[in-house]
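Contents: one structure, followed by commentary.
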Amino acid sequence: MSTGMQVDQPGAGGVTAFNCNNCGATTDVAATGVTIRCPFCGSEYVIAKPEDPNRPQPEALIPFTVPDTQVQTIYREWLGKGFFRPRDLTQLATNHKMRAVYLPAWECRGYAHSQWWAQAGYNHQHQESYQEEENGQMVTKTRTVTHTDWRPADGHHEQAYPREIVSASRGLPQDWVARLGEFDFGHLQQYNPQFLLGREAEEAALDQTAALETARQQIEQQERDECARLVPGDTHRDLRVNTTVSDLAARLLYLPVWLASFQYKGDIYRCVVNGQSGQIGGEAPVSKGRVLLVIAAVIAALLVIFLLFQLLGPDGAPRPTPTRPR
């Protein structure tokens with residue numbers, strides 16, 4: 001079984017000397033990645049990088065729990081799922097394995113207080129009569145009409161937001177985080193480089209200041225939605241919300257994500273799997289031939305309905321054949 005420890009940054013010429021704790025061998029190797037494997041016993045070691053004071057460091061992470069073999073099965077089943085997927089997609093899952101990557105994300109928190117103003121609408125319904133031509137004659141019918149009374153309304157809302165997740169990844173933007181589903185943050189562990197053994201980790205491309213601004217915007221949007229639900233009546237208009245967000249704070253986390261990207265007929269597609277829960281989401285190509293087949297089937301069905309309507313009357317009986325005058 002492989003063990004791991006942190007070793008020094010490579011020296012001149014990219015050569016790193018390390019002493020294996022497992023078998024005791026001291027080896028000089030050319031380090032080309034973030035890990036080193038002992039050639040004698042297979043133990044794996046993480047190469048320590050010099051600390052960059054300007055680069056944010058992760059404080060905690062959620063370990064991977066979805067096994068490598070299981071995630072490949074999830075990936076293959078997802079690619080082959082659905083009538084509109086091309087048949088050769090499942091082969092791509094074999095050729096392009098998913099990669100385990102720790103995704104940098106800021107966990108932000110804050111407290112919001114909002115004041116809102118709006119026009120609250122109260123609907124009232126009544127019956128009214130109207131004239132309509134039917135079978136060549138004018139008939140009187142009734143219909144239900146809704147009128148809205150508008151009244152001014154105001155109020156306030158306040159709420160704590162303990163966890164707003166902001167992607168710090170350059171490769172996986174914010175709108176992709178939602179495709180990963182929920183993470184169980186009760187399994188957070190203090191960051192340790194040993195978690196990177198056999199995994200990859202992306203450096204944060206978003207600093208704390210920018211992350212807090214994004215979190216503020218997310219909280220303000222949620223506050224607007226909450227205030228909209230507080231407006232009385234049946235509907236509302238002219239909603240104005242003034243939100244103050246205080247006690248903003250953030251820490252950098254690593255989230256476990258399986259990634260796969262592939263090209264299909266010149267276009268690039270991507271798939272992500274939550275490394276903790278196994279939830280999958282992504283983009284996949286559509287077979288144009290199968291789409292055209294379905295469109296043709298729908299057109300054929302509509303044509304049959306149209307022909308039946310021409311041949312049969314409203315009661316389902318055949319229409320009488322018109323007779324020619326002698």
Whole-Å distance linking the alpha carbon centroid of region 102-125 with that of region 207-267 is 9
Quick calc: nm separation of the 7 Å Cα→Cβ label points for Tyr130 and Glu213 -> 5.2
Rg/Rh over Cα atoms for region 119-269, Kirkwood Rh, comes to 1.23
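Quick note: the coordinates plus some simple rules give every number you see, no bench work behind them. The structure displayed is predicted, hence computed values, not measured ones. Methodologically, a virtual Cβ is constructed for each residue, glycine included, from the backbone with ideal geometry; neighbour enumeration extends over all protein chains shown.
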